[in-house]
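The structure appears right after this line, and notes come after that.
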Amino acid sequence: MAVGRVRPSVAALAAYRPGKAASQAEEEHGITQAIKLASNENPYGPAPSVVAAIQAAASGVNRYSDHRAVDLRAKLGEWLGVDADQVGVGCGSVGLLQQLCLTYLDPGDEVVYPWPSFEAYPINVKMMTAVPITTALVDHAFDLDAVVAAVTDRTKLVMLATPNNPTGTAVSTAELASMLDNIPDDVVVLIDEAYREFSDPALGDPITDLLPSYRNVVVSRTFSKAYGLAGLRTGYVVADAELILDLDKVLLAFASNMLAQVASLAVLDALDEIQPVIDLLLAERGRVESALVAMGWDLPKANANFVYIPVGERTNELHMGLEKRGVVTRPFPGEGIRVTIGSPDENDRFLATLAEATA
């Protein structure tokens with residue numbers, strides 16, 4: 001029985017489900033040396049110079065961080081070629097997603113997004129007693145015409161994760177522009193690019209290609225994936241300055257902690273040091289994709305640091321077959337499994353275990 005009078009919308013929510021830890025799989029199945037390929041983390045961690053910056057700043061954690069992360073906003077603006085007042089910083093891109101919902105959604109408002117997609121979308125929408133309106137994927141990719149058709153006068157937000165999590169497919173800025181031309185200016189469109197650094201550059205950059213023409217566009221990105229800072233939680237958004245002012249009104253006090261800000265600033269000074277790691281992960285993704293295709297798997301084109309194997313009703317069986325052998329992946333029941341690109345040794349183990357589990 002619930003304690004107190006919980007809001008009905010919260011009582012009905014399913015809690016966010018993180019990827020299972022390797023240690024939990026070991027305990028559940030009585031195994032050892034499990035590996036986790038379930039949460040799209042960078043297996044290599046932060047660059048050495050970033051670690052050194054965190055260590056040097058650690059003695060100052062008795063003080064609060066800069067609430068608005070002013071230095072980080074300024075440096076991000078310089079890097080991205082936008083004014084600092086067009087940049088917001090929060091507790092991971094998912095924290096900024098929550099701010100977006102707090103800023104725009106009243107009970108009964110509608111939010112349109114393709115599905116399956118990022119699992120935090122329905123949680124944050126329903127938390128506000130708003131109504132999720134989902135559109136089906138076509139060949140594991142967005143049907144942007146269906147997204148446009150789903151927008152009504154009750155729609156406040158459209159959410160698009162590109163590359164999509166979990167399918168890994170992505171859309172170009174040209175396709176997005178065509179969609180935006182058919183969406184009312186007072187509907188805010190989130191272009192969620194948590195995996196930006198792993199996507200094909202030929203798809204375009206929404207910050208340069210879309211923001212100058214569409215004031216209702218918000219682009220979100222993160223330091224968690226490519227830059228190895230998942231445990232510190234720094235996300236950022238780029239949007240019209242007036243929109244950023246409204247988002248800041250619901251920014252949780254000191255949401256971006258001091259070490260997160262220091263580490264993120266250090267990342268921006270170490271991009272040349274970090275790029276070879278991203279290149280290695282991209283090469284490994286290509287190798288894993290090729291190996292899976294050679295094994296007979298039909299995959300959507302990957303644009304993130306994971307691959308997606310659409311196995312439908314076989315999902316739970318395949319996922320558990322891998323996990324009992326010590327390879328922890330992320331299942332999407334009835335849809336498929338998502339497998340993070342790890343180190344070469346981890347990827348070799350996944351491929352060998354997959355072959356064994358499906359023999």
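Laboratory data are not the source of any read-out in this text; all were calculated from the coordinates shown. Bear in mind that the values here come from a model prediction, so they are computed numbers and not experimental data. All Cβ positions, glycine included, derive from the backbone under ideal geometry; neighbour counts span all protein chains shown.
Distance between the C-alpha centers of segment 160-232 and segment 89-147? Whole Å please.
For segment 160-232 versus segment 89-147, the Cα centre distance is 14 Å.
Along segment 205-215, what does the Karplus equation 6.51 cos²θ - 1.76 cosθ + 1.60 (θ = phi - 60°) give for ³J(HN,Hα), rounded to whole Hz, x for Gly and Pro?
Per residue, the Karplus-derived 3J(HN,Hα) values read 10, x, 5, 8, 8, 10, 4, x, 9, 10, 5 Hz.
Among the lysines, which have Cα under 20 Å from the Cα of K301 when same-chain residues fewer than 8 positions away are ignored?
Partners within reach: K225.
What percent does the relative contact order of segment 48-268 come to when contacts are Cα pairs within less than 8 Å and at least six residues apart? Spell out each step's value before the answer.
On the way: 396 pairs, mean separation 63.0, N = 221.
The value is 29 percent.
With a 10 Å radius around each residue's Cβ, average the other Cβ atoms per peptide and rank 119-127, 161-169, highest first. If you can, show how the numbers build up before the last one.
Values: 119-127: 20.2, 161-169: 25.8.
Ranked from most to least packed, the peptides come out as 161-169, 119-127.
Students often forget the sequence filter, so: which aspartates and glutamates lie under 18 Å Cα-Cα from K324 once same-chain residues fewer than 8 apart are removed?
Within the straight-line limit of under 18 Å, K324 reaches these aspartates and glutamates: E26, E27, E28, E346, D348, E356.
Can you list the trypsin sites (Lys or Arg not before Pro) in segment 151-248 that are in a DSSP coil and have 16 or fewer other beta carbons within 10 angstrom?
Answer by residue number: R154, R215.
Multiply the residue separation of D348 and W115 by 0.36 nm, subtract the distance between their alpha-carbon atoms, and state the gained length in nm to one decimal.
On the way: separation 233, 0.36 × 233 = 83.88 nm, distance 3.08 nm.
Difference between extended and current length: 80.8 nm.
Can you run phi through the Karplus equation (6.51, -1.76, 1.60; θ = phi - 60°) for segment 184-197 and list ³J(HN,Hα) in whole Hz, with x for Gly and Pro?
Working through the residues one at a time gives x, 5, 8, 9, 7, 10, 8, 9, 8, 10, 4, 10, 3, 5 Hz.
Can you work out the PRE-style zone for L282? Point 7 Å along Cα to Cβ, and I want the residues of segment 193-217 with backbone N under 13 Å.
Answer for segment 193-217: 196-204.
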